[in-house]
Amino acid sequence: MNVISVAIDGPSGAGKSSLARRAAKALGFVYVDTGAIYRTVALYCSENGISPEDHATVAAALPKMNVQLDYTEDGTQRMLLGGRDVSELIRTPEISMLTSAVAAVPEVRAYLLETQRKLAQVRSVIMDGRDIGTVVLPNATVKIYLTAAPEARAQRRCKELREKGMDVTFEEVLKDVQQRDYNDSHREISPLKRADDAHLVDTTCLDFEESLDVLVKVIRQYMGV
Ligand code: DC
């Protein structure tokens, strides 16, 4: 069987995860959320009192972390840390911010590079992240850069967090979004940027179903089906 890879990159809150998950379902591919892998590494650092500034300690801890991906029957990706399901714990605003710093550690990026590549070797995947089309899968069958205006992204994230019962204001979520955009696109290694050959999808004025429709159409168009 021909293995297809779809790389979806873009800033925080552009809807990458939920859209990629649904698009993978529609196309029969496995969805890989690489942000969740970085988040799990950040959670380990947080629980073990390791500062992301201390690169040597972070690097030494990597082989001991035992970070695993698991999939439920409906194709939802779960993150396991030392066998414990941490899929919800990695979604707090504190871990989001810490992840941005952990993801800038070169040893972390190098360590996770092979993990991510291996996942795409054996089966057709839709993989989302920040550097999938530029670094992880430079030969991906389809590359998409999914974005939206910061205010639209903050609005969506705000709604998501409130639905989970978190007490957040639009202003603080927007500040977080802008800070993470800055961190992710200004770090030295693998900064967030659109690959030259990535197809741009801007979801600022699209609702979820419209965005999904555009995404699946673009993927099918590149696959020639
Ligand atoms: O997609 P997300 O919000 O779950 O990502 C969390 C953080 O991880 C974000 O600050 C960027 C970083 N990240 C990265 O640097 N490279 C990836 N491939 C995925 C995420």
task: Mind listing just one residue for me: the one in the stretch 5-42 that is among the hydroxyl-bearing types (S, T, Y) and part of a helix (DSSP H, G or I) and, of those, farthest from T204 (Cα to Cα)?
output: T40
Residue within the stretch 148-158 that is under 29 Å from I50 (Cα atoms) and out of contact with any helix residue (DSSP H, G or I) (no Cβ under 7 Å at 6 or more places or on another chain) present: no
statement: Contact list, first residue from the stretch 1-13 and more than 12 Å from S185 (Cα to Cα) and polar (S, T, N, Q), second anywhere and assigned to a loop (DSSP other than H, G, I, E, B) and more than 10 Å from the ligand (Cβ to nearest atom), beta-carbon distance below 6 Å, six or more apart or interchain, is S5/L137; S5/A140; S5/T141
- prompt: Does T76 satisfy being out of contact with any Cys (no Cβ under 6 Å at 6 or more places or on another chain), closer than 22 Å to G15 by Cβ, without any contact (Cβ under 8 Å) to a residue 40 or more places away in the chain and away from the ligand (no atom under 13 Å from the Cβ)?
  reply: no
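Of all the residues that make up the stretch 153-171, how many are touching a residue at least 60 places away in the same chain (Cβ under 8 Å) and either closer than 17 Å to S17 by Cα or surrounded by fewer than 14 Cβ atoms within 10 Å (Cβ to Cβ) (or both)? So that I can check it myself, show each step before the final result.
At the first step, the residues of the stretch 153-171 found to be touching a residue at least 60 places away in the same chain (Cβ under 8 Å) are 153-154, 156-157, 161, 164, 166, 168.
With either closer than 17 Å to S17 by Cα or surrounded by fewer than 14 Cβ atoms within 10 Å (Cβ to Cβ) (or both) added as a condition, the list becomes 153-154, 156-157, 161, 164, 166.
Final tally of qualifying residues: 7.
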message: If I go through the stretch 155-214 residue by residue, how many of them are among the basic types (K, R) and more than 16 Å from the ligand (Cβ to nearest atom)?
response: 1
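Only one residue in S18, S5 is under 29 Å from V225 (Cα atoms), more than 10 Å from the ligand (Cβ to nearest atom), modelled with pLDDT of 95 or more and of a type outside the set (D, E), so which one is that? Steps first, please.
On the way: S18 fails: modelled with pLDDT of 95 or more.
Step by step, each of S18, S5 is checked, and only S5 is under 29 Å from V225 (Cα atoms), more than 10 Å from the ligand (Cβ to nearest atom), modelled with pLDDT of 95 or more and of a type outside the set (D, E).
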message: Six or more apart or on different chains, Cβ atoms under 8 Å: show the pairs whose first residue is in the stretch 93-106 and closer than 20 Å to A56 by Cβ and whose second is within 9 Å of the ligand (Cβ to nearest atom) and among the hydroxyl-bearing types (S, T, Y).
response: T99/Y38; V102/Y38; A103/Y38
query: List, please: which pairs have Cβ atoms under 8 Å, are six or more places apart or on different chains, and start with a residue in the stretch 38-64 that is touching a residue at least 40 places away in the same chain (Cβ under 8 Å) and end with one that is charged (D, E, K, R)?
result: R39/R91; S46/E94; H55/E107; V58/E107; A59/E107; L62/E107
Tally of residues being small (G, A, S), touching a Gly at 6+ places or on another chain (Cβ under 8 Å) and away from the ligand (no atom under 11 Å from the Cβ) across the stretch 109-143: 2
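Given the residues L113, L137, which is the only one that is surrounded by 15 or more Cβ atoms within 10 Å (Cβ to Cβ) and not charged (D, E, K, R)? Please lay out each step first, then the result.
Numbers: L113 fails: surrounded by 15 or more Cβ atoms within 10 Å (Cβ to Cβ).
Criteria check complete, one pass: L137.
The values are calculated or read from the model by the stated rules, or taken from the named source; none is laboratory data. Computed from a prediction, not measured in an experiment: that's the story for all the values here. Positions of Cβ are backbone-derived with ideal geometry, glycine not excepted, and every protein chain shown enters the neighbour counts.
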